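Read-outs: derived from the displayed coordinates by stated rules, not from any lab. As the structure is a prediction and not an experimental result, all values here were calculated from the model. Cβ sites come from the backbone with ideal geometry, for glycine too, and all protein chains shown count toward neighbours.
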Amino acid sequence: MRSFGALLYQTNRFLSHHFKCHKQHHNCHRMSDLTENLSIPKPLIAVCQMTATANKEDNFTICKSLIENAKFRGVQMVFLPECFDYVGKSWKQSVEMSEDLGGDLISRYRALAKKHMLWLSLGGFHQKNDSKTVKNTHVLIDSNGEIAGNYVKLHLFDVDLRETKLHESDYTYPGQVITPPIESPVGKIGLSICYDLRFPELAIALTKQGAQILTYPSAFMEPTGVAHWESLLRSRAIENQCYVVAAAQVGKHNDKRSSYGHTMVIDPWGTIIAECSKGTGMCLAEIDLDLLEKVRREMPVWNHRRSDLYGQVLSICKKPAMKIDDQPYYQFGPKQIYSNQVFLRTELSFAFVNIKPVVPGHVLVSPFSPVAHFKDLNQEQISDLWLTAQKVSTVVKNHFSGTALTFGIQDGKDAGQTIPHVHLHILPRRPGDFSNNDQIYEKIQANDENLGGTNLRSFEQMVKEASELRKYFPENFS
């Protein structure tokens, strides 16, 4: 009879139970809410621990054995630690041994996932980047053997401790985006890696997007592991009311490097429900999403946040690129902007050419939200608007040979606003384009007030300019 780790939330919420598992033997005992329907099985995961070396084949053999053992125990998903592929003896060796996502090693793991009909979390693959750097990439493979998603580590581990000096940035290229949570048979999974654990903003961003399970595959050092590992993991679980899954490296990898271990799973109340001690092995845990919803419902911290005082955590996510021409036009107040006059769109904003520009390259950026006043935008819309403006301003300044930029927002009729829809003017400037710099604002207002007059550009002229600017934003079209 298989036994699982879970929390008796209603009557034991203040108890912390540490479940140990040694050498692939799972010694956890199941605790159940008195009202739970025992006939409904919960998704079961296996979280692995190993001591990787510089021998890729030996490491694969160990991981393959762990995966096969997990399949025998009836799990739906297996989590491997950071550096599951290898731990190099030097940064040079780490770069030389790296592979592409389409290389032999990931192909073998894809075959394993398909053969055993399991999802795999490969937490920290040395992905080839260039001749001098790698990417530290968390790869998720589904039960069909397809790559369901990947994430490149954002925060690089550069530390100088008394006995250890490690600068990951010497040979690792940092990630640039957050990967949105990925739907899986065990829940929505938020991807991160090791040192990311120390940055709660990433966990908050993932949870806001729907993450139910936060993953921290790691190769934590001994000194920091003893001091911080459990505290940080439990904090991320409690703060975000998520499961936290942390597969870990353990023991001595080479003469220079060793890892703390203590692979563990923590539930949304902060209880450790499964943990490995020393050595290679795994621990099993149930993922009870009903418990997660119960914790969030009974303590709705997400409804209590004072973002009006300390702001929000906003995320720049790797999402499918928005295709501009997927819709025929964009609403701009009472007017319609044809899609072929739009040259950039993001999740919350769009940028388009001007029918009556004050200077060459004078363009507009507007939020999709049809509000008349800046104060009516929420923080995510404001952030996206200005991030979009930043991208657009760089492009139009260079494309139109500008030497400076003017940004302007007209908020209300008395400020010259003629279209009751928040929009941002971006104008590339050149020496002497106005004898008095403030004349530009008078010119903008005059143009807005005479949109029905002369000197309007033709439809063809606007489409031509938008087409030229679109070349700088291929993600909206490819």
note = Cβ-Cβ cut-off under 14 Å around Gly123, Lys and Arg +1, Asp and Glu -1: the net charge is -1
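Please give the FRET efficiency for Ala415 paired with Gln176, using the beta carbon to beta carbon distance and R0 = 35 Å, rounded to the nearest 0.05.
Once rounded, the FRET efficiency stands at 0.45.
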request  = Using R₀ = 60 Å, calculate the FRET efficiency as 1/(1 + (r/R₀)^6) where r is the Cβ-Cβ separation of Asp58 and Leu456; round to 0.05.
outcome  = 0.25
message = Can you tell me, using C-alpha contacts under 8 Å and at least 6 residues apart, the relative contact order of the stretch 324-476 as a whole percent?
response = 28 percent
query = Rounded to the nearest 500 deg cm²/dmol, what is the calculated helix-only ellipticity per residue at 222 nm for the chain, with -39500 (n - 2.57) per DSSP H run of length n ≥ 4?
reply = -7500 deg cm²/dmol
ask   = Using Cα atoms only, what is the angle between the long axis of helix 439-449 and the major principal axis of the chain, expressed in degrees (0 to 90) to the nearest 10?
value = 80 degrees
key: the chain: angle of helix 104-116 to the longest principal axis, Cα-based, in degrees nearest 10   = 70 degrees
ask   = If you stretched the chain out fully between Glu201 and Met117, how much longer would it get, using 0.36 nm times the residue separation minus the C-alpha to C-alpha distance?
value = 26.9 nm
query = Using modelled backbone amide H atoms (1.01 Å from N, in-plane), which distant-in-sequence or interchain residues come within less than 5 Å of Tyr216's amide H?
reply = Val245, Ala246, Ala247
task = Compute the relative contact order of the stretch 9-310 as a whole-number percentage, counting only Cα pairs closer than 8 Å that sit 6 or more residues apart in sequence.
result = 23 percent
message = Considering only C-alpha atoms, what is the centroid distance from the stretch 393-408 to the stretch 360-388, in Å?
response = 18 Å
Between 0 and 90°, nearest 10: helix 56-72 axis offset from the chain longest Cα axis = 80 degrees
ask   = Which order do Ile426, Ile147 fall in if you start with the one that has the fewest other Cβ atoms within 10 Å?
value = Ile147, Ile426
ask   = Between Asp325 and Lys443, what FRET efficiency comes out of the Förster formula 1/(1 + (r/R0)^6) with R0 = 41 Å and r the beta carbon distance, rounded to 0.05?
value = 0.80
request  = Sort Leu156, Leu456, Leu344, Leu427 so that the residue with the fewest other Cβ atoms within 10 Å of its own Cβ comes first and the one with the most comes last.
outcome  = Leu456, Leu156, Leu344, Leu427
key: Set of lysines near Lys375 by C-alpha distance (under 17 Å), chain-local residues within fewer than 8 positions excluded   = Lys413
inquiry  = Can you compute 3J(HN,Hα) from phi for each residue in the stretch 460-470, using the Karplus curve 6.51 cos²θ - 1.76 cosθ + 1.60 with θ = phi - 60°, rounded to whole Hz and x for Gly and Pro?
reply    = 5, 5, 5, 5, 4, 5, 4, 4, 5, 6, 4
query = Which lysines have a Cα lying under 16 Å from the Cα of Lys278, excluding residues fewer than 8 positions away in the same chain?
reply = Lys20, Lys23, Lys252
inquiry  = Taking 26 Å as the cut-off for C-alpha to C-alpha distance, list the pairs among Lys165/Lys391; Lys115/Lys153; Lys135/Lys188; Lys335/Lys464 that go past it.
reply    = Lys165/Lys391; Lys115/Lys153
task = Would you order Asp142, Asp160 from fewest to most other beta-carbon atoms within 10 Å of each residue's own beta-carbon?
result = Asp160, Asp142
request  = May I ask you to list the residues of the stretch 377-391 whose amide nitrogen lies under 16 Å from a point 7 Å from Cα along the Cα→beta-carbon direction of Glu347?
outcome  = 378-389
request  = Answer rounded, prolate or oblate for the stretch 324-476, using the Cα gyration tensor with square roots of eigenvalues a ≥ b ≥ c: rounded when a/c is under 1.5, else prolate when a/b is larger than b/c, else oblate.
outcome  = rounded
Candidate values (i) 152, 50, 44; (ii) 83, 54, 45; (iii) 68, 46, 40, label of the one derived for Cα extents along the principal axes in Å = (ii)
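Write out the trypsin sites (Lys or Arg not before Pro) in the stretch 218-260 meeting two conditions: DSSP loop, and at most 10 other Cβ atoms within 10 Å of their Cβ.
Of the trypsin sites (Lys or Arg not before Pro), not one in the loops of the stretch 218-260 has a Cβ with at most 10 other Cβ atoms within 10 Å.
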